[in-house]
1. Of everything in segment 282-307, what is at pLDDT 85 or above, part of a strand (DSSP E or B) and of a type outside the set (Lys, Arg)? Give them in sequence order.
2. Between a first residue in segment 309-330 that is of a type in the set (Val, Ile, Thr) and a second residue that is not in a strand (DSSP E or B), which pairs have beta carbons less than 6 Å apart while being 6 or more apart in sequence or on different chains?
3. From the set of residues in segment 159-174 that are touching a strand residue (DSSP E or B) at 6+ places or on another chain (Cβ under 7 Å) and outside any strand (DSSP E or B), which is modelled with the lowest pLDDT?
4. For segment 84-95, which residues satisfy the criterion of being surrounded by 11 or more Cβ atoms within 10 Å (Cβ to Cβ) and in a loop (DSSP other than H, G, I, E, B)?
5. Taking into account only those residues within segment 335-349 that are farther than 21 Å from Pro369 by Cβ and not charged (D, E, K, R), which is surrounded by the fewest Cβ atoms within 10 Å (Cβ to Cβ)?
6. Which of the residues belonging to segment 387-415 are charged (D, E, K, R) and either touching a Leu at 6+ places or on another chain (Cβ under 8 Å) or farther than 13 Å from Glu355 by Cα (or both)?
7. Going by the conditions given, is Leu351 modelled with pLDDT of 95 or more and touching a Lys or Arg at 6+ places or on another chain (Cβ under 6 Å)?
8. Can you name every residue in segment 73-124 that is out of contact with any Lys or Arg (no Cβ under 9 Å at 6 or more places or on another chain) and acidic (Asp, Glu)?
Amino acid sequence: MKKLLYLCLFPFLGISCMDDLGTYDYNPLHEITIDTLKNRTIEIYHQLEVEPKISFSGKETPLEYCWYRYTNNDLEVDTLSLEEKLVYNVNLSVGNYTIYLKVTDKETGLSSKSNFTLSVTGKFDKGLMVLGEVDGIPNLVFLNTAGNLVEVYGADNGHELGTHPVIVADASTTQIMKLKDMLILNGTSGGVTLNNADLTVSSTFEDLFYITPQVINPQAYYKGVYPASYGTMADFIINNGKLHGRLLGAADMLGYGLQFNPAVPGDYELSPYAIVNGRNYLFYDNQKGRFLNIKGNMMSLNNTFSSIESDSENFDPSNLGLQLVYMAEAAPTGNNTKRGCGIFKNTNGQLEKLEFTLSNFNDFYSNSPMRLLSRVNLTPEAEGIEQSAGYAMSVARPFLYFTKGSQIYQYDLNSNRCFPIYDTDTVKINGNTVQTTIERIYMEYVPHYDGYASYFPNEDYNNTLYVVSSENGATGKKGSIHILKLADNGTVEERTTLYENVCGNCVSMCYKR
């Protein structure tokens, strides 16, 4: 066996020693590289332009370009352009699309592909609503996600918004198909309802109620959407310190109207600040210094308030004895306990910050007592917070924002530290720095439910702060919109956009969905 093995190996050893006498020509493959294409948002019927950055390792060989998208469930190709630079008049329906670029080397046939997401919006699809006044006339401006600014009212469209505007609010929800409205509330006629699609006036303030309130003084609007499996929504109007509520979804399916109920009876005067989401209907009575929550079926006319029990010593939510300055849902604690935060003034005039648990203060869940998490006097740097032109609370990070003149302050709930992070007096308007006053700040509120995904899981609203400032002593459209990107530590990372002198004196902002 050993001899046979040696004989079998010899031929191969001989072959391995032979010279390679052949000749070969090698054609190197040309590499095509397309830099990452950024996602884009554009308004329907506007022109889209995309100029890609392409690297090619070959000679001056012509390249072929094809911009396209798939249609009919990815079965057909819709070619948008055969040029290197894409210039396309967008006539697609509102929605999100994947746009592809394919670059081919004519000599070798090799190609490279890249893509980006194109979000097509309608003129009034999604965006920021800014309500104010220009020389005493109500002014409503809409800034859509494509970055286009539209003056909705102020220009004549055949309707009046009423005088002394107070609130702009988005009352629409995808869960209640019949409810597609924006609310414009004011201090004279009460306000109007706008059609969500084109923002034309669709009804009056009186149409919102079974029984119109005797005193018209709208102060706040709140919407609480339940997790999608419930298919319901409760919303509230605080008018002249009284609460009007309605429960939608079940009423909608049963064919009831969409009117608000008469005011919840009782001797109380609500603060305009409340915490309302799918699991919390928490209000504060400044007349008697107490927390209240709503109980009962809001399809009924027999709603009542209920007191809230305490889970802490020396803390009685039903007899707190403090005046509420501001209240909102805050970021959860380190152990993921849902919490609310309120700024209060005691009988000595001292400002205090109270943090407390939020747990099921409504009629669909069992009542839970409120636990006091912390109670401290405000730091001296927060002096004047009660005169703030607006407040914004992050539900992702422990930061409260308020204003002093031309400055925005950040209040760290965990460390009790307070300091300025932005000054509109340092911003050039029309090439000049001017004396300004911040009129409103706004951060979109998207609650996060335990055990449920966020309704908008692909977007982080707590990184954007909207600010409206106005030039002191000026008339006309003296309001400018600042859009600020916030860093993880809550400070301003950058001002992404500035719209100069585009609106009136701002009284309210909201994000339209």
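The values are calculated or read from the model by the stated rules, or taken from the named source; none is laboratory data. On a predicted model such as this, the values are computed, not experimentally measured, just so you know. Ideal geometry is used to build each Cβ from the backbone, glycine not excepted, and the neighbour counts take in all protein chains shown.
1. Listed by number, the residues that qualify are Leu282, Phe283, Tyr284, Asp285, Phe291, Leu292, Asn293, Phe305.
2. Once the first residue is of a type in the set (Val, Ile, Thr) and sits in segment 309-330, its partners that are not in a strand (DSSP E or B) give Val325/Glu386.
3. Top of the filtered list is His159.
4. Of everything in segment 84-95, those that are surrounded by 11 or more Cβ atoms within 10 Å (Cβ to Cβ) and in a loop (DSSP other than H, G, I, E, B) turn out to be Glu84, Lys85, Val90, Leu92, Val94.
5. Residue satisfying both the conditions and the ranking: Asn348.
6. Correct list: Arg397, Lys404.
7. So Leu351 fits the description; yes.
8. Those that are out of contact with any Lys or Arg (no Cβ under 9 Å at 6 or more places or on another chain) and acidic (Asp, Glu): Asp74, Glu76, Glu83, Glu84, Asp105.
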